[in-house]
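Data first, discussion second: the structure below is written as structure tokens.
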Amino acid sequence: MDSAEILLARILCLAYPGRVIEIDGDFARVDFGGGTIREGVNVSLVQPKIRDYVLVHAGYAIQIVDEVEARQTLKYWQQILAALPEDRAAYERQLKGGL
């Protein structure tokens with residue numbers, strides 16, 4: 001990985017899909033799967049319904065996505081995470097050029 005790729009990886013903003021399971025005003029409880037449920041996701045930008053899938057970035061739901069797209073994105077994330085080494089510290093050192 002060259003330095004431009006490393007920089008891009010560090011500044012790239014990511015959104016993760018989750019399913020809305022409860023709504024209270026502008027905030028929702030979102031299930032990201034695997035036992036990860038987050039309270040207080042701000043949904044005021046997209047106004048989803050319960051059971052909708054949303055893309056969440058930095059605590060904000062930024063888009064409603066259909067279930068097929070959300071499930072495919074979750075599969076991609078599982079593949080990415082499975083490909084990462086278990087020793088994250090060694091991986092970070094490798095990204096920094098062995099520093």
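The values are calculated or read from the model by the stated rules, or taken from the named source; none is laboratory data. These figures come from a predicted structure and were not determined experimentally. Cβ: placed from backbone, ideal geometry, glycine included. Neighbour counts: every protein chain shown.
Inside the range 18-36, residues that are outside any loop (DSSP other than H, G, I, E, B) and modelled with pLDDT of 95 or more make up a count of 12. Scanning the range 10-41 for residues that are hydroxyl-bearing (Ser, Thr, Tyr) and either surrounded by fewer than 17 Cβ atoms within 10 Å (Cβ to Cβ) or touching a Cys at 6+ places or on another chain (Cβ under 8 Å) (or both) yields one hit, THR36.
Can you spot a residue in the range 57-68 that is part of a strand (DSSP E or B), within 15 Å of the chain's Cα centre (by Cα), more than 12 Å from PRO17 (Cα to Cα) and modelled with pLDDT of 95 or more? No, that holds for no residue.
Among what's in the range 42-58 and is of a type in the set (A, V, I, L, M, F, W, C) and closer than 17 Å to ALA70 by Cα, pick the residue that is surrounded by the most Cβ atoms within 10 Å (Cβ to Cβ). Of everything passing the filter in the range 42-58, VAL54 is surrounded by the most Cβ atoms within 10 Å (Cβ to Cβ). Taking the criterion of being of a type in the set (D, E, K, R), part of a strand (DSSP E or B) and more than 12 Å from the chain's Cα centre (by Cα), the only residue of the range 37-56 that qualifies is GLU39.
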